[in-house]
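Scroll down for the structure; my scribbles are underneath it.
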Amino acid sequence: MSVLDLARPEIRMLEPYSSARMEASGGQIMLNANESAWEPVGEASAGCNRYPEPQPQPLLQALAELYGVQREQLFVGRGSDEAIDLLVRAFCRAGEDAVVIQPPTFGMYAVCARIQNAAVIEAPLAQDFSLDIPALLGAITPAVKLVFLCTPNNPSGKSISRAAIEQVAQALAGKAMLVVDEAYIEFSDQPSAIELIGRHEHLVVLRTLSKAWALAGARIGSLIASPEVIALIRRIMPPYPLPLPCVAAAQAALSSAGQAAARSHIDTVREQRGLMYRSLAELPGVREVLPSDANFLAVRFDDAGGVYRRLLEAGIVVRDVRKYPNLRDALRITIGTPEENARVLGSIS
Ligand SMILES: *Cc1c(COP(=O)(O)O)cnc(C)c1O
């Protein structure tokens, strides 16, 4: 059996769109794509009269090095959000197939599934937000094509152990794809699940430059998987997913100066996270601060709504996560600069 047997048959058969850029590049006079021959006005848009490379090799190479994979194991798109959408469209037949999620978790898995008219099966996390493996495996039906795990999880901040991920991967072999979303892993001590891809061809790992790499505005996310899965995703990707200025921003972020800046900011966030964890826990009206491996803390309050409004009056916007199961009294607070964090503490107490 091939892992592609899990994909939608019509996607496997699909003749992909062939863009002008894919059919020919490298000439001196480019008259094949109906582009303008003139550069646009503005420094930020230099070169933007031309369509960009669909998957620019220098960026692929830099990301492959960063993540320790081959370029053939990497699809780069407009954030992990696009990768989630493409996975659902490649694997889930509308009205027939399903995905499994573990609430409370990131909202886009269910939204993308519903847009595709795939069923969303919920296997909630345990009370302490750890993965409930028997519940998860019990939720697997023949219709399930994708299982999403988020580690560290948004909005709880808790990581899933490598052993647990491997156990789920083994149980799903031949049945469903396992998608491990590591949007926040740079802030944790956990090893990445990327190393498991060689042994589990149905494993997909999502990484992003949006959080630790300070590039949420550039929309650069990676889908890392076996070359077969990557080739399938490239069949359905938009013709030119990566805008030229965004590729330049990503390359700068991945330069040695960019890497040094990212490392230093990650260190600051981890330090501040510890400080905020201890300081918030001592404030009156705080019921609990959930331990977090990410760049945010979920905090339970006696009056979460009141604290939310008080922060807003002070000009501080946090995320109200009270709609999530098991977080009915919680706010999610991102770790900011030391000055911003001090203002949060001052405004709550
Ligand atoms: C922020 C976030 C993302 C989105 O990442 P983009 O690359 O910006 O699309 C993905 N997964 C989780 C869990 C997130 O919190």
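The values are calculated or read from the model by the stated rules, or taken from the named source; none is laboratory data. For clarity, every value in this text was computed on a predicted model and none was experimentally measured. Counting neighbours? That spans all protein chains shown, and the Cβs are built from the backbone with ideal geometry, glycine included. Accessible surface is based on the protein model in full, side chains and every heavy atom, while ligands, DNA and RNA are left aside. Shrake-Rupley method; radii C 1.70, N 1.55, O 1.52, S 1.80 Å.
Laid out as a table, the results:
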{"quantity": "Qualifying residue in region 180-194 (condition: in a strand (DSSP E or B) and within 12 Å of the ligand (Cβ to nearest atom))", "calculated": "yes"}
{"quantity": "Sole residue being open to solvent by less than 10 Å² (accessible area, probe 1.4 Å), farther than 24 Å from Glu228 by Cβ and more than 18 Å from the chain's Cα centre (by Cα), chosen from Ala119, Ala139, Ala176, Ala123", "calculated": "Ala123"}
{"quantity": "Output for region 200-219, where each listed residue is surrounded by 22 or more Cβ atoms within 10 Å (Cβ to Cβ), within 9 Å of the ligand (Cβ to nearest atom) and part of a loop (DSSP other than H, G, I, E, B)", "calculated": "Leu209, Lys211, Leu215"}
{"quantity": "Hey, Ser222 among the hydroxyl-bearing types (Ser, Thr, Tyr), open to solvent by less than 60 Å² (accessible area, probe 1.4 Å) and in a strand (DSSP E or B) or not", "calculated": "yes"}
{"quantity": "Some residue of region 98-116 being open to solvent by 50 Å² or more (accessible area, probe 1.4 Å), closer than 25 Å to Ile197 by Cα and either in the same structural domain as Leu206 (by TED's automatic domain parsing) or part of a loop (DSSP other than H, G, I, E, B) (or both)", "calculated": "yes"}
{"quantity": "Residue count, region 144-162 (criterion: open to solvent by less than 10 Å² (accessible area, probe 1.4 Å), of a type in the set (A, V, I, L, M, F, W, C) and either outside the structural domain of Ser80 (by TED's automatic domain parsing) or part of a loop (DSSP other than H, G, I, E, B) (or both))", "calculated": "0"}
{"quantity": "Filter result for Glu53 (in contact with a Lys or Arg (Cβ under 7 Å, 6 or more places away or on another chain), of a type in the set (Asp, Glu) and touching a residue at least 60 places away in the same chain (Cβ under 8 Å))", "calculated": "yes"}
